[in-house]
Every structure is written in structure tokens, then in C-alpha cells.
Number of protein chains: 2
Amino acid sequence: MEKPEASVDELCVHTIRFLAVDAVEKARSGHPGAPLGAAPMAYVLWDRFLRHNPANPLWPNRDRFVLSMGHASMLLYALLYLTGYPLSMEEIQNFRQWGSRTPGHPERDPEVGIETTTGPLGQGFGNAVGMAIAEAFLAQRYNRPGFPVVDHYTYVMASDGDMMEGISHEAASLAGHLRLGKLIVLYDDNRVTIDGSTDLAFSEDVALRFQAYGWHVQRVADGNDLRAIEQALRRARAETERPSLIIVRTHIGYGSPYQDSERAHGEPLGPEAVRATKERLGWPLEPAFYVPQAALTHMRRAVERGRVWETEWRRTHEAWARAYPDLAAEWEMAHQRRLPEGWDADLPRFYPTEVGVATRDASSEFLNTVARRIPYLVGGSADLSHSNKTYLKGLGDFLAGHYEGRNIHFGVREHAMGTILTGMVLHGGLIAYGGTFLIFSDYMRPTLRLAAMMRIPVIYVFTHDSIGLGEDGPTHQPVEHLPSLRAIPHMTVLRPADANETVAAWHWTLQYQEGPVALVLTRQKVPVLDPERYPVWEGVSRGAYILQEATGDRPRLILIATGSEVHLALRAQTRLEAEGIPTRVVSMPSWELFERQPPAYRHHVLPPDVPARLAIEAASPLGWERWVGDHGDVLGLRRFGASAPYPVIFEKLGFTVEHVVERARRLVKGG
Amino acid sequence: MEKPEASVDELCVHTIRFLAVDAVEKARSGHPGAPLGAAPMAYVLWDRFLRHNPANPLWPNRDRFVLSMGHASMLLYALLYLTGYPLSMEEIQNFRQWGSRTPGHPERDPEVGIETTTGPLGQGFGNAVGMAIAEAFLAQRYNRPGFPVVDHYTYVMASDGDMMEGISHEAASLAGHLRLGKLIVLYDDNRVTIDGSTDLAFSEDVALRFQAYGWHVQRVADGNDLRAIEQALRRARAETERPSLIIVRTHIGYGSPYQDSERAHGEPLGPEAVRATKERLGWPLEPAFYVPQAALTHMRRAVERGRVWETEWRRTHEAWARAYPDLAAEWEMAHQRRLPEGWDADLPRFYPTEVGVATRDASSEFLNTVARRIPYLVGGSADLSHSNKTYLKGLGDFLAGHYEGRNIHFGVREHAMGTILTGMVLHGGLIAYGGTFLIFSDYMRPTLRLAAMMRIPVIYVFTHDSIGLGEDGPTHQPVEHLPSLRAIPHMTVLRPADANETVAAWHWTLQYQEGPVALVLTRQKVPVLDPERYPVWEGVSRGAYILQEATGDRPRLILIATGSEVHLALRAQTRLEAEGIPTRVVSMPSWELFERQPPAYRHHVLPPDVPARLAIEAASPLGWERWVGDHGDVLGLRRFGASAPYPVIFEKLGFTVEHVVERARRLVKGG
């Protein structure tokens, strides 16, 4: 006879396993193998350690749980259902169906306890590092003796695939460097990937590798040994100086005829194998989706535990708020992602100068002006802070043991930076931005996309935005990046023309909460548009605006430009007007914002009866036909750049007044 | 007194250093710090080990040298000039100028010995792993007892930044797994990055990490100790079972006032610091670009050494060719990247079936038909070979000690796969392809771009190309990827509509040598277009073609579609014709190929006098205005997908006959 307690454990573990198996079976699609193997460790974590409150999934001090191995989604859904989150059995049974809350891979759904969207491997791992960074920052900022108002762990479950992806290296290396002691990763070491045994492609010593990163590493030899998992988790929590990796040797498809085989990974077991598995593990064949009352009762104790935890925490939080009302007010604002009263007083305003101002420098001035008024604005750069000008002067570096610092040094790790920013924003309590060169947005594509899918307000500062970066050459000169970013749904791209547009763009961005924003900035100096003369402020927030009207307000030609090319358009306009061609110049910092304007405004800026339109942008012209139309033209780049001083490159590649005038003339004649 | 030999060494090292310093100074732009610190190791490698022939940079059996830390480009240019490659002093003095062969970061230039384009960190590291893989494959295939016709090392110089990038993890982990004993990496461990000391962000134990990957790791404590570097390289070459990492502790900006400071990294030293550095290292202040005759004479001995090496090798190669004429003929063809006579005899041809054929399956049939006739066609998948259907049946797995295998298992490492494919193609002697899901092309963006910049024929097989992948949901459903790929200059994207278009697309691709190709394929089954009825063969190679003409050959409407949406267009056409709207259906597998057609053909397919055009593609509509014009419309996706069975998703997102007909009707009425 087993001990009663052990048998409840086993009952719970099997319940999780077979909810996953049955849901995959019913959907005729999904991944049964990982839940079968990893259910025990997930159960131990959720049953004995995870401090959460299923009745309030948004409790700020909850432990975060990230299923980086998103294909094991049913494991998470089963846990959420069993522990009493508002995720019904009906949803479980609608796994992978249209409109369900149980999609193929977990999609962020704060109301039911899904912290982040995962599936593309390694992303969740990086998000979790971001959550742990946020926790460390907020704990340092808000905790006071006797008032640990921020004090939680971040747990991750990760697979072989997560470990193979480069992002896991970047994020783990940084987490080790930062000594994020409250980050704990359970590694589902099942040694099987989609193609078969990891022997085919994966023989590294993961333990040694993580030791090299400065992690605390443990092994659990038997993934079904609940006690060993529990002890390992206990030791991991006790280790406060290093993040922890617990390597749990599991068996994919445990108990099924396909155990230890890739056949168990990504498709339903099929009715016969389901039967065989249930028989082998002593589970009733019917009904499907069977949940023994004892298991449900046991796991639903999470609700009461959660109520108590949150109640205790609220008591602490209230006492803290009484003792430190200013801090509490700030906390409240930060957690609602609102901005403090007067945050935008005294924004920098730029006036025309001889030499001009690089928009990255204007960005720096903006950041350094507002950062002191927004204490929960935190940012950094992927080893390019001097170049991106993202550094917040005098506000400290975020380093191990100095978690109050406002400047994060991500290292040469753009992808990690992206996933970490996402994790920080998901955690809540701060506003996060990160900088790199626009070209290196390529290294971050997978995480840009997920931030857009989650519609969370991550801010990317992409400088060195064109061939205008000059001598570093085509390897560093973006060409396809503007259209590539514009193609991502829910991503807003802003490429301001000058210092004042940059301030307006940042001002808009900090107030926007509906999705990520890419601020695209120059390395080179560009002229400053006189803010007394040009309506930059309102203009930027509308996406495009009439910067300079044609003589007599009746344009025969419209020049549309973004960023540094706006100044070329203005210079060409002078020449065209002198030639008797009434020319309007439209500055168009953001397609997305312009698209959101009412048609009347859009037709006001780009009147359908002015078909002669020339777009000027030092980037791939893909998509500009939308704005210039059948009778328009685009001066863009259908090639990569070149290494030379930037004025030479602009000239050689046709970004000259002469060339613009020539192309424009041709349009007017043809039109 | 130093020994005379030592002083020539020192002279050479300093010559390299100051060519770099002076070139950066003259260009007023560049990176002097890394060449100052890393010149000794580069010198030892090139002077004592690198088997190359400056008079014939294309000698097939040369050792490959990859400067992954591309910002140290002047180090490479100095070595090329000094060892006698056709790279003149004038080019050195034109560093970073328009039209020079000495751009800011090295750009592949086989005629002067630049093996690959580097700069974005980590890329060269991955390329080198690909070169070592190619060497191992070719050695296994072509070498015979007594005839080591393929037998060379691949050397890399890499920096802290390379080590931080995730790609270095992926590539190194795979290289260790594959036991690539002839890959040797010199790590310029200078502990300074752009933002400052690596203490800010990088404290991992790189030695331990590479041991975890199964590498042979050595340390050289003093980067100026030529003897120690030499001994380490000797041991690395002797280690045949594991790739080698040599960690060389260097000092960025060695000898300059900015030694060990980030100030030395990315900008000219300035005249005063140049003077101070020259004084400190005992170098004449004038002239700039000073090359002592003794140094030049010493280093130019590489020309004679190279002549002897290549001559010896040619002798071996000729004897081998006589002994194995068939092998030699194949080698020749492979190295010219030609295809064997009759390679495309018996290509699969598909006829309409009830159930249809997924284009990924047609791709598999094609590959498995031609692979036996093209013994140097090698490919793999990033752990999705069962899904991508890229596996070459019966042709073996490329594994440690089984380098004859034609199937490479890249693991869940898309980025490494991309860089490795590039390295394989750069090496020469084989045709390489790699598969993953289209969504994961995001993980490979930096390497896709560099392959396009180099215009080399890497082949990407991107399956699961739309919401048509179904239940896995939006995290796995590409939306923005088609326009994002189309935006890359020199990239050709092919999205065939059915099995026969797929065969035609592959047929074209294997013959194309001017740049990378992305084959975009369905997961789901799609109908087969009757090849007796539709001109798929010629059509695909022209990018777009009239698939089905309107009644009376006088269309009032054109439906343009790609991939799986072509069948929707055909079904809608039937309905529209029945309603009396003469409708043409254009299949457009490739924008790029269509753009290359003469205007007459393009106007034939899309006549300007038929403005009512509806494009149908289950992707972001960005850019389609180009083809549909001001009076056209695009049925695309301005949102992410969803998790559900794929017919449901297509229906819910508007990809139905009814919706197409409705949108088309509106167009015709409006037009």
C-alpha cells in the first residue's frame, strides 16, 4: 500500500497528464509527450512552492511562472484549471479551437494566469529573466525594513529546444552575471526533440555550461521522484546569490507506448496508445477528461492558500503605504503604467542651429529630462549606450547588488534584450526601453513579434537608421528594416525628421499603451526644423502632416519623406518652387499613426487630386506605392549600402536635390 | 639585445598594428583597438600556420581564415597586403572610402582573399563552422588513401562580442557535437566592449562554457607572447577530435594611451595618441603607413610558401584525378557549382488528385529524386526534418565520424543553420539547403541578409507558410514574413501554388547562382493544378503568369494570388465568371522573378487597362499596392492568426470564395 499522501500526489500528477493527453486527442492536434514527462515537476512546483492566488491572477506579488516550452501548453492549462483559475473545463475541452482561451501555444491572458506568450523556443526563458530583473529593481526601490512588498520568485520550465536556441545562452549568461537569485529554471531534460534523440544534434553538458554562467546547478535523476524535485526546489530557493537550474531527467511520453520517442512529441497518441497509457498508469479509460474529486480538492487548496497569501501581503502593503505614502503613490502609478503629473513639463525644445542635431541626441535629451520625473522608467542598450545615447546620466547602473540602477547593460545580446524588455513590461511596475542599431533589430525579430502579438508597450530605440551611418558600411546600414518592421501587426514605427519631431515622438510613445513602438533615429546630425514655423508637435502624433505647403496652397506635386530625408525634400521643394512647380512637403514619421487618422485628414494631407507624389526614404521602397499611388514614384534603395563618408553615400545613391528635382519634374510632366 | 628573429617578428607585428592605426586615422573612422591588441596572434597564425596562396586566393585547399570580429577589418587588410594578395597599399590608404576594396567591415571578396562578410557579431563564427562542415564532408567524399585532396583547417578570430551573441552558442554547441577537429578559434579576450569593461555585462567563464560544448580549450596569458600563441596553435592542430578554442588575453588599444579602455574601440586614436603610441612602441612617427622593408620581405615569403603548397597539392590532385577520374569529374562540377548532366531527368510530375498534395511534400519528392544525381547536394533542418520534409532518404546522417552523411541535423538552432549554410556555400564544392518553419526565418534574419549581400546561392526551405498551419496558432503562423523577405535586396522568394509549381520552383532554384532563394511551402494539402492544362513550368520561372484566362480573353478583373491562395482565386473565378464578370487568374509565385521580366511581358500578365485587380495572400498586405494599383484591392492579413483547425481560420479571416467574390464585385463596380 502506498501512503495516502503519496497517492493524492500521484492522482494529481496523473490528472494533469491525462487532461493533456485527452485534450490533445480531442483536438487531434498537439503535444502530449512533454506533459506526460514533466507533469511531476510542474505539480511539485505548483503544489508546494508557487505563491499565487488563482482568484486574483493579477496579484502584483505573485510568483511568476513561465512555460518557455510553450508546446506543452496543456500542462499549463491543466494546472490553471485544477488550481482554480477562471479557466473552465469547457475551455480545456476546446483546446486549440477557434475562440478558446486554450490555444495551441499559451497566449498571454492575464485574467486566467497566463503570464506570457510562448512557443517559439527560448522566448519564455528570456522573458523570465526580464521578470526577475523587474522584481530585483522594484524590490530595491520599494522594499523597506519590515515591508517586503516586492518579494517573489520567477519560475521557468524549459526544454531541450530552449537550451539549444541562442537566446537561452544570452539570457542565461546575463542572468548569471546579474546574480538573479530568485530565478529558478526547471529543465525538462527528456533528450528527445522533434527529429529524434538529442544524440543527433545536442550533446553539450548543460550543467557545466550553466555553471560557466555562474548559475547554481542541480540534477534530479528521476523526473518522477517528487521528493527529489521538492528538495531541489527548496535548495534553489535557499540559494539567493545565483539563479538556479534544476536539470530533471524525464521521459517524453512517459507511460505511453511512445515513451522516449519523438513520436510522442508533436501529435496525438491515438486512441490505442491512449488506452495503453491509461492502463499502464492505472487510469480509468473512461471518461475522457476525468478529474478525480480527491485530486481536484487537493489542488483547489491553492485557492485558499492564495487568498491567505494575498491577504497577508495586502496587510503588509497597506502598512507600508501608510508609512511611506509617497512611495506608495508612485508604486500605484507605476503599476497602472501612468505617468506622474508634470512628467512632461520642460521638455526639450530645439531651435535651428548651424550644425544640426542627430535625432539620437535629441532622444538622449528627452530621456534625461523625463527620467528624473519618472522613477520607474528603466532602460538600457545592447552594448551601444554611447552610440544609442540611451544612457540616463547620474541614475546608476543596474548591476548585481545594485538593483536600483536605472541603466541596464545588456551586453552584445540584442535578442536577450528584447525578450527581457518584454518580461519587464509583463511583470509590471515599470516602463522599459532598450537600444541598439536599427540593423540589429534583425537579431530581435522573434521577440519584436511576440511583443506586438501581446500588444504590450515595449519601447525600442533603434539608432543609426540608414546609409547615413556612413563608413561602417553595408553590414551596418539598414535597408529592408523599415518595411520589415511596418509589416508586423500592432507594431508602431516612428522615424522622426529632426530633434523636435523626436521629442514629439517620444512624448507620444510614453503615453501609448497598446503595443510596442520602434523609435528609429539618426546617427548623423540633421537640421532642426523651426518649431515656431512647423507644426511638428501635433503633426507627429497624426503620423503625417503638411510640413511645408506649396505656394498658393495648391500643390501640383507632393514630396513625402521620413526622417533625415525630410530635409532633402525641403531643399528640393525650394528648387521646384523656383521652377514654378507648386510643391507640398509632407513629413511622415509614422505610417501606422497616419493609417489610424480619419479619411478626411488623410485626404487633406494627400489629396486624391494630386497624383504627382514622390516618396523619399533611404530604405527599401517596399510598400510606398500605397502612399504615392499609380502616378507616383519612390526614391528608395533597391540595393545594399556602401562604406564611405555618409554625404558621399547619399550622393552616389541618388539622395541629392538634383535627383529629387529631376524625378519630381518627370512626375509632374507625366501627370 | 633582442634576437634578430624576434625583432623581425616584432617588426611585422608593429607593421600590422600601425597600418591599422594609420588607416583608421586617415579615414577618421574605424576601430584601432582590436588590431593593436590582436596583431600578435594574427601574425603568428598567418606567419607560421596558415596554408594559403596569396597568388591564388581561390586555391580550393587553402586554410580558411574568418575574421568574425569584422570591426577589426584593418587587421585583415594589413595581413592581405603584407602577405602579397592583390590588395594594394592604395586600397589600404582608401580604407572606408567609396569604391575601395577596404570597406569598414570586411566584405566577401574572393579575389583578394576575403572569405566572408563579417561585422554583425557572431556571424563569421557560424560561417566558419559551416566551412569546417564542408571540409569534413568533402574530405570524406573525395579523399582516398594517399590522396588527401581535401585537408585544411578553418581558423577564426573572435571577440567578446562574438561570444556574447547567441549565435556563438548555437554554432559552438553544434561544432562540439560534430567533433569538428579542424576548426580553431582564437578568442581575442580583451575584456572591453563598446560600453566599457566586460564587468558591466559579461562575467561568464568562456573556457568552461566551451568545455561544456566538448571543445578543446587553451589559454594564452599574454597576447604578446608569440611563442605561447604558437605552442597553443600547434596543440590545437594536433587535437583532431575536438574543435579548439584558444583564449588569448590581450589588451585593446595595446601601447596606446587608451589601452584597456573602450575609448580605443571604435574611433581613431587622434594625432596625439597616435604619436604617443608610436613612441611607446618604438615606431617611426613618419611616414604614415610605414612598412619596413624587412617586415615586407619577411611576410611576402607567404607568396613563395603558397606557391609551393599549391604546387604540391596540384600534384596530389592530378594523381588522384588520374586514379579516380569519376570522382575528379564530380569534384570539378561541384566546385563550379554546375549540375550533372541529366540531373533533372525524371522530375516528379503531379496530376490532380482528390486529396491534394502539400507543397512541402512535393518538395520532398523533388529533393529525393534529384539528390541521388547530385552527390554534392547536402541539406538539413533545424530539428524539423519530418515537418519540413527535407530529409534525403537513405543518404545518411551527417554526424561525428560519419561526415559522408547528406542530412545535417542542426538542432533547434535556426540561426546557426543559416550561418552554417552560408559557410558551406562560401567554402565551395557543394550545394546547401536548410529547412525550418517560415516563422522561424525570424531567428535567421541577420544571416539571411548577409547571404543576400554576398549574393551567394544558399537555399532556404521555409514550410508551414501561413495561417494554413492551423492549430499551432499565431505564435507559429507567419504574417509579416513574406514582405519582410521580399524587402531584402537580392533575396528571391518563391511561394509555389501547388506540387508542380513547387517542382518548377526547385528546378529554377538549383540552377540559380546569383543569390539566396527562399522556398515558401505549405503544411496543408493543396489541390494539384493539372500540368497539361496550366503552363506551370514556364510560368514559375517568369515569376507570375496567366494561370486561367477570362472568358473571351478580355478580363474585366484580375485575381492575383500566391501559394495556397491560388486555389481560392480559381474557385472564386468560377463564381465570378458565372456572374458574368470575365476574370483572369494570375499565379504569382515570385515578385522578384516577375520584376526581372521585360515590361511587355509584365503588361501582358497585368494589362494597365484592367485596373480592377484583387490580390489574395494570407499575409501582411504590405507592398501589394505595387501590383494591384490605385483601383485594386488586397485580401491579406492586418492581424496575427489564431489557433484552430486551418479551414476554420481561413474562413474566419475572410479567405472564402464568398468574400473574394464580394470584394471582387465591389472592385468591378467601382472601376
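The values are calculated or read from the model by the stated rules, or taken from the named source; none is laboratory data. The shown structure was predicted, so the numbers you read here are calculated from the model rather than taken from an experiment. Glycine also receives a Cβ, built like all others from the backbone with ideal geometry; neighbour counts cover every protein chain displayed. Areas reflect the complete protein model, heavy atoms only, side chains present, ligands, DNA and RNA absent. Shrake-Rupley method; radii C 1.70, N 1.55, O 1.52, S 1.80 Å.
Laid out as a table, the results:
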quantity: Test: residue in segment A:345-361 that is without any contact (Cβ under 8 Å) to a residue 60 or more places away in the chain, in a helix (DSSP H, G or I), surrounded by 12 or more Cβ atoms within 10 Å (Cβ to Cβ) and among the charged types (D, E, K, R); calculated: no
quantity: Qualifying residues in segment B:38-60 (those that are in a helix (DSSP H, G or I) and farther than 29 Å from residue B:98 by Cβ) - the one most open to solvent (accessible area, probe 1.4 Å); calculated: B:48
quantity: Selected residue (only one of A:102, A:116 is open to solvent by less than 10 Å² (accessible area, probe 1.4 Å), under 28 Å from residue B:445 (Cα atoms) and in a loop (DSSP other than H, G, I, E, B)); calculated: A:116
quantity: Positions within segment A:304-339 being outside any helix (DSSP H, G or I), under 27 Å from residue A:509 (Cβ atoms) and open to solvent by 60 Å² or more (accessible area, probe 1.4 Å), in sequence order; calculated: A:336, A:338
quantity: Which listed residue, of B:272, B:241, is open to solvent by 60 Å² or more (accessible area, probe 1.4 Å) and within 14 Å of another protein chain (Cβ to nearest Cβ); calculated: B:241
quantity: From B:640, B:594, residue being away from chain A (no Cβ under 14 Å), open to solvent by less than 30 Å² (accessible area, probe 1.4 Å) and more than 22 Å from residue B:360 (Cα to Cα); calculated: B:594
quantity: Condition met for residue B:298 (touching a Gly at 6+ places or on another chain (Cβ under 9 Å) and either crowded, with 17+ Cβ neighbours inside 10 Å or under 24 Å from residue B:50 (Cα atoms) (or both)); calculated: no
quantity: Close pairs (8 angstrom Cβ cut-off, 6 or more residues apart or separate chains): open to solvent by less than 30 Å² (accessible area, probe 1.4 Å) in segment A:625-636, among the hydroxyl-bearing types (Ser, Thr, Tyr) anywhere; calculated: A:636/A:620
quantity: Residue selected from segment A:110-137 under the condition farther than 19 Å from residue A:415 by Cβ and in contact with a Pro (Cβ under 9 Å, 6 or more places away or on another chain), by the criterion nearest to the other protein chains (Cβ to nearest Cβ); calculated: A:114
quantity: Segment A:178-192, subset within 28 Å of the chain's Cα centre (by Cα) and open to solvent by 20 Å² or more (accessible area, probe 1.4 Å), residue farthest from the other protein chains (Cβ to nearest Cβ); calculated: A:182
quantity: Output for segment A:193-216, where each listed residue is open to solvent by 40 Å² or more (accessible area, probe 1.4 Å), part of a loop (DSSP other than H, G, I, E, B) and either touching a residue at least 40 places away in the same chain (Cβ under 8 Å) or more than 7 Å from chain B (Cβ to nearest Cβ) (or both); calculated: A:194
quantity: Filtered residue count, segment A:623-637, keeping only those that are more than 7 Å from every other protein chain (Cβ to nearest Cβ) and not in a loop (DSSP other than H, G, I, E, B); calculated: 5
quantity: Within segment B:577-591, tally of residues that are within 14 Å of residue B:667 (Cβ to Cβ) and surrounded by fewer than 24 Cβ atoms within 10 Å (Cβ to Cβ); calculated: 3
quantity: Residue within segment A:453-471 that is within 14 Å of the chain's Cα centre (by Cα) and in a helix (DSSP H, G or I) present; calculated: yes
quantity: Matching entry among A:513, A:573, A:548, A:477 (being outside the structural domain of residue A:613 (by TED's automatic domain parsing) and touching a Leu at 6+ places or on another chain (Cβ under 7 Å)); calculated: A:477
quantity: Residue satisfying all of: in segment B:412-438; of a type in the set (Val, Ile, Thr) and more than 7 Å from chain A (Cβ to nearest Cβ); nearest to the chain's Cα centre (by Cα) among these; calculated: B:422
quantity: Elements of type helices (runs of 4 or more DSSP H) contained in segment A:481-562, each with 1 or more residues being modelled with pLDDT under 95, under 27 Å from residue B:637 (Cβ atoms) and hydrophobic (A, V, I, L, M, F, W, C); calculated: none
quantity: Counted residues, segment A:457-492 - those being touching a residue at least 60 places away in the same chain (Cβ under 8 Å), facing another protein chain (nearest Cβ under 9 Å) and open to solvent by 10 Å² or more (accessible area, probe 1.4 Å); calculated: 3
quantity: Of residues in segment A:439-456 being over 27 Å from residue A:636 (Cα atoms) and out of contact with any Phe, Trp or Tyr (no Cβ under 7 Å at 6 or more places or on another chain), the one nearest to the other protein chains (Cβ to nearest Cβ); calculated: A:450
quantity: Test: residue in segment A:354-377 that is under 21 Å from the mean Cα position of the chain (by Cα), among the aliphatic types (A, V, I, L, M) and within 14 Å of chain B (Cβ to nearest Cβ); calculated: no
quantity: Test for residue B:405: is it at pLDDT 95 or above, in a loop (DSSP other than H, G, I, E, B), over 21 Å from residue B:444 (Cβ atoms) and touching a Phe, Trp or Tyr at 6+ places or on another chain (Cβ under 6 Å); calculated: yes
quantity: Of the criteria (1) within 14 Å of chain A (Cβ to nearest Cβ); (2) more than 17 Å from residue B:457 (Cα to Cα), which one residue B:350 fails; calculated: (1)
quantity: Some residue of segment B:647-655 being facing chain A (nearest Cβ under 8 Å), touching a residue at least 24 places away in the same chain (Cβ under 8 Å) and not in a loop (DSSP other than H, G, I, E, B); calculated: yes
quantity: Selected residue [part of a helix (DSSP H, G or I), small (Gly, Ala, Ser) and open to solvent by less than 30 Å² (accessible area, probe 1.4 Å)] from B:572, B:600; calculated: B:572
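Conditions (1) assigned to a helix (DSSP H, G or I); (2) closer than 22 Å to residue A:477 by Cβ; (3) out of contact with any helix residue (DSSP H, G or I) (no Cβ under 8 Å at 6 or more places or on another chain); (4) not charged (D, E, K, R), marked per residue:
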residue: A:395; (1), (2), (3), (4): no, no, yes, yes
residue: A:435; (1), (2), (3), (4): no, yes, no, yes
residue: A:443; (1), (2), (3), (4): yes, yes, no, yes
residue: A:447; (1), (2), (3), (4): yes, no, no, yes
